[in-house]
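The values are calculated or read from the model by the stated rules, or taken from the named source; none is laboratory data. Model, not experiment: these values are computed from the prediction. Note: ideal-geometry Cβ built from the backbone for every residue, glycine included; neighbour counts use all protein chains shown. Surface areas here come from the heavy atoms of the whole protein model, side chains and all, with no ligands, DNA or RNA. Shrake-Rupley method; radii C 1.70, N 1.55, O 1.52, S 1.80 Å.
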Amino acid sequence: NSETFWTTTGMFPQEFIIGFPKCVKISKVAIQCYLVRTLRIERSVSEDPVGFEQCIEKDLQHTEGQLQMEEFPLPEFQATYLRFIIKSAFDHFVSVHRVMAEGT
């Protein structure tokens, strides 16, 4: 639902974790967000959300008044959990509107 979103509480870093029912192979992750400056994506292949390792860290471009849309190709990438860490922002609050993971 494009009208719903997750928002930060105003200080950084902020994070959220997405879990899958089992370890899956992911070929691409895409995110739609607003006012995110630096984003890090980490993964865990454990049964519990522990032992994360950094996969991607990127500075996003400021898109005034529009959602930021970023895609991250991930060849040969497996994960049970993905942790998204918003390290910094262009404003006090940011929002995440959609996260998509493609794979098997």
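Results, tabulated for the structure shown:
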| item | result |
| --- | --- |
| Verdict on Gln32 being closer than 25 Å to Gly10 by Cα and either part of a strand (DSSP E or B) or under 14 Å from the mean Cα position of the chain (by Cα) (or both) | yes |
| Counted residues, the stretch 74-104 - those being among the hydrophobic types (A, V, I, L, M, F, W, C), closer than 22 Å to Lys25 by Cβ and surrounded by 13 or more Cβ atoms within 10 Å (Cβ to Cβ) | 7 |
| Matching residues in the stretch 37-93 - criterion: being aromatic (Phe, Trp, Tyr) and part of a loop (DSSP other than H, G, I, E, B) | Phe52, Phe90, Phe93 |
| Counted residues, the stretch 1-22 - those being in a loop (DSSP other than H, G, I, E, B) and surrounded by 14 or more Cβ atoms within 10 Å (Cβ to Cβ) | 3 |
| Test: Glu71 is under 15 Å from the mean Cα position of the chain (by Cα) and either at pLDDT below 95 or open to solvent by 60 Å² or more (accessible area, probe 1.4 Å) (or both) | yes |
| Tabulated pairs, the stretch 18-46, first free of Cβ contacts under 8 Å to residues at least 40 places away in the same chain and aliphatic (A, V, I, L, M), second open to solvent by 50 Å² or more (accessible area, probe 1.4 Å) and in a strand (DSSP E or B), C-beta under 8 angstrom, 6+ apart or interchain | Val45/Cys23; Val45/Gln78 |
| Subset of the stretch 23-47 (residues that are surrounded by fewer than 19 Cβ atoms within 10 Å (Cβ to Cβ), over 14 Å from Leu82 (Cβ atoms) and not polar (S, T, N, Q)) | Arg37, Glu47 |
